[in-house]
1. Picking from A:123, A:56, A:37, which is most flexible by a Gaussian network model of chain A using Cα springs under 10 Å?
2. Which chain B residue sits with its beta carbon nearest the axis carrying B onto A, and how many Å away is it, rounded to a whole number?
3. Taking only Cα atoms, what is the 0 to 90° angle, nearest 10, from helix B:94-106's long axis to the longest principal axis of chain B?
4. Take the Cα atoms of chain B, find their three principal axes, and give me the spread along each one in whole Å, biggest first.
5. Give the range of the longest stretch in chain A that excludes all trypsin sites (Lys or Arg not before Pro) found in loop regions by DSSP and having at most 13 other beta-carbon atoms within 10 Å.
6. How much of the accessible area of chain A, in percent, comes from carbon and sulfur atoms when a 1.4 Å probe is used?
7. Under 8 Å for C-alpha pairs, at least 6 residues apart: give me the relative contact order for the stretch B:3-133, rounded to a whole percent.
8. How long, wide and thick is the protein assembly as shown, going by the Cα atoms along their three principal axes, in whole angstroms, largest first?
2 protein chains.
Amino acid sequence: MELREMSRLLYQIKLADQRVATSFERETGFSLTRYEMLMIVNDKGVCSQSEIQQEMKIDNAAITRHLKILEEKGHVQRERNVANNREVFVRLTETAARELQHCEQNHDQTNHLIAKVLSESEMQQLSALLQKLNTI
Amino acid sequence: MELREMSRLLYQIKLADQRVATSFERETGFSLTRYEMLMIVNDKGVCSQSEIQQEMKIDNAAITRHLKILEEKGHVQRERNVANNREVFVRLTETAARELQHCEQNHDQTNHLIAKVLSESEMQQLSALLQKLNTI
DNA sequence: TATCAATGATTGATGAGTCAAATATGAAAG
DNA sequence: CTTTCATATTTGACTCATCAATCATTGATA
């Protein structure tokens, strides 16, 4: 593949990301990144910021800043690990846990933005291709 | 598809975008967005900023700012359209045209970051899926 | 022809990410 | 013990996007 085609393909990824992220935010009220972050905390129960960082693969600075805002909004609680004061433990607040559940329940699977343009199997295809890309 | 899976998929797109864009920049010396912008100007010969905007589908403000920098770096020239002073005409400089050609020629197709993880047909598959996503 | 709406570009404020440097704590070794 | 190194988080400076507001120009119209 020529460089020109390559750049078109990569630029398509960028556009898709932008569109899809803003649609997600409009539909759920959470930014994609923060939703993902909250779900990770939810799955783990309690975890340190670097655990979140490892799962999300974004910069630590970004993690700190998101959590600061999520804390201000009352979505998470943070406290230093008494056994290791370097670490900060993060957990969901109950209101956030409830809110996320509602989000999940209200989510109309067939009517979701993406479901309108991609079938289930296409989504799986896409996921597999992206997974390969994410090994770069 | 459940909301949780959906958010994972969308987050994969975000990560892929980030990785791929930084790799592209490392390899070519141009940011993906600016490379795309320069190639569009190259294809069109001379064009107004709003033409670029329509092709790239990013905010006009971003266009203005990129072009300002590309002009400072000597990659493009800009001048008002005398027939319509609202418009700014953009064209590549000769040095930039040469530089882009070199870029294209030096591009090692088999060894490119993405070629290492995706076959040609997978790239086409990906492109088709993204095209659908970009109709949202 | 004076006004008003539409068009094209720009600017300012904000959000989300990066990297690099700073801080704070803990662990290990002389 | 105290120095030194590693780990975890935070902060600062920067880039690239967005939206909303502004400015300049053009064209239509009353």
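The values are calculated or read from the model by the stated rules, or taken from the named source; none is laboratory data. Please read all numbers here as calculations on a predicted model, not as lab measurements. Cβ: placed from backbone, ideal geometry, glycine included. Neighbour counts: every protein chain shown. These area figures cover heavy atoms from the full protein model, side chains too; ligands, DNA and RNA do not enter into them. Shrake-Rupley method; radii C 1.70, N 1.55, O 1.52, S 1.80 Å.
1. With Cα springs under 10 Å in chain A, the top fluctuation among A:123, A:56, A:37 is at A:123.
2. Rotation axis B onto A, closest Cβ, rounded to whole Å: B:17, 2.
3. Tilt relative to chain B: about 20 degrees.
4. Answer, in whole Å and largest first: 54, 35, 22 Å.
5. A:1-56
6. Reported share for carbon and sulfur atoms: 44 percent.
7. The normalised contact order for the stretch B:3-133 reaches 17 percent.
8. Here the spans come out as 63, 37, 36 Å, largest first.
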